[in-house]
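Here's the structure, in structure tokens; my notes come after.
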Amino acid sequence: MAHMTSRAQHSDQPTPTARPALTVGFDLDMTLIDSRPGIHACYVALAERTGTYIDADLAITRLGPPLADELINWFPADELPAMADLYREMYPSIAIAATPAMPGAPEAIAAVRAAGGRAIVVTAKYEPNAKLHLAHLGIDADAVIGNLWAEQKAEALREEGASVYVGDHVGDVRGARTAEALSVAVATGPCDADELRAAGADIVLADLTEFPRWLSDYLPARA
């Protein structure tokens, strides 16, 4: 016993370091959920409520950035806080039930879990409404962090230890790269595959149905 203790005390062999558990971040709008129908309906209702013209068809072609970035096209700057509050107040009763999951979204979350990892959501959407979407669709994320856009998303990705971030917008690519996470992009939002690659995405998938196979290939390389 003493001999074994002596070897342990004087061993120069380094202690193996376990690789951190896999954490994958996902964007929400147009990555996990097809938010176009719900957001379209909410903009139509906001226009009716305020008497202000809003081209809802146009607005849903540029989803991703914060709400204020869209509202500034239709309202004076000094009205933005009040209009954002009104939109968010109307949103749950109008947009949640109208919004389906994107193809492959539940399976993508399940693939991360099956690999022993954590699946988190980091989104620019107002956090309470993001959580309502996920609950309605039965998508159980390990954490949901809202109100972060583009490079700001790196704050949450770093804090949660995410090594992969999946999104549909060039802003999501910037967030991943700022966090020094692998950027996996899906061409299901306003940015096409070429734009996502040009922004620096490491991997570009057609949609989330391709994610489980990609993850199964990635895990051995990560190990």
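Before moving on, here are some points about what is shown:
- Over 19 Å [Cα-Cα, the stretch 86-186], rounded percent: 44 percent
- Values of log10 I(q)/I(0), in the order q = 0.11, 0.12, 0.18, 0.20 Å⁻¹, for the stretch 131-223 under a Debye, Cα-only, solvent-free model: -0.32, -0.38, -0.87, -1.06
- Computed accessible area, residue 40, all protein chains, 1.4 angstrom probe, square angstrom: 50 Å²
- Build a GNM of the chain with springs between Cα atoms under 10 Å apart, and of 211, 75, 26 the one that fluctuates most is 75.
- Heavy-atom accessible area order for 44, 170, 122, largest first, 1.4 Å probe: 44, 170, 122
- Summing Lys and Arg as +1 and Asp and Glu as -1 over all other residues whose Cβ lies under 13 Å from the Cβ of residue 65 gives a net charge of -3.
- Within the stretch 20-37, backbone nitrogen closer than 20 Å to the virtual label 7 Å beyond the Cα of residue 57 toward Cβ: 35-37
- Residues whose placed amide H lies under 5 Å from that of residue 26, excluding near-sequence neighbours: 120, 121, 122, 166
- DSSP-defined beta bridges in the chain - what % are antiparallel, rounded to 5: 5 percent
- Only protein heavy atoms count here; under a 1.4 Å probe, residue 74 has an accessible surface of about 50 Å².
- Put a dot 7 Å past the Cα of residue 158, heading toward its Cβ, do the same for residue 210, and the two dots end up 3.1 nm apart.
- Looking at the chain, the pairs of alpha carbons with a distance over 22 Å make up 53% of the total.
- Shape category assigned to the stretch 173-213 from the gyration tensor of Cα positions, a/c cut at 1.5: oblate
- What you get for the chain, charging only the Cβ of Lys and Arg (+1) and of Asp and Glu (-1), is a dipole of about 880 debye around the Cα centre.
- Residue 216 contributes an accessible area of around 60 Å² to the protein surface, as traced by a 1.4 Å probe with all chains present.
- Selection from 137, 220, 77 lying farthest towards where the dipole of the chain points positive, charges on Cβ: 220
- Of every Cα-Cα pair in the stretch 35-117, the percent that sits beyond 18 Å: 48 percent
The values are calculated or read from the model by the stated rules, or taken from the named source; none is laboratory data. Keep in mind that this is a model prediction, so the values were computed, not measured. In this analysis, Cβ positions are derived from the backbone assuming ideal geometry, glycine residues included, and neighbour counts consider all displayed protein chains. Surface areas here come from the heavy atoms of the whole protein model, side chains and all, with no ligands, DNA or RNA. Shrake-Rupley method; radii C 1.70, N 1.55, O 1.52, S 1.80 Å.
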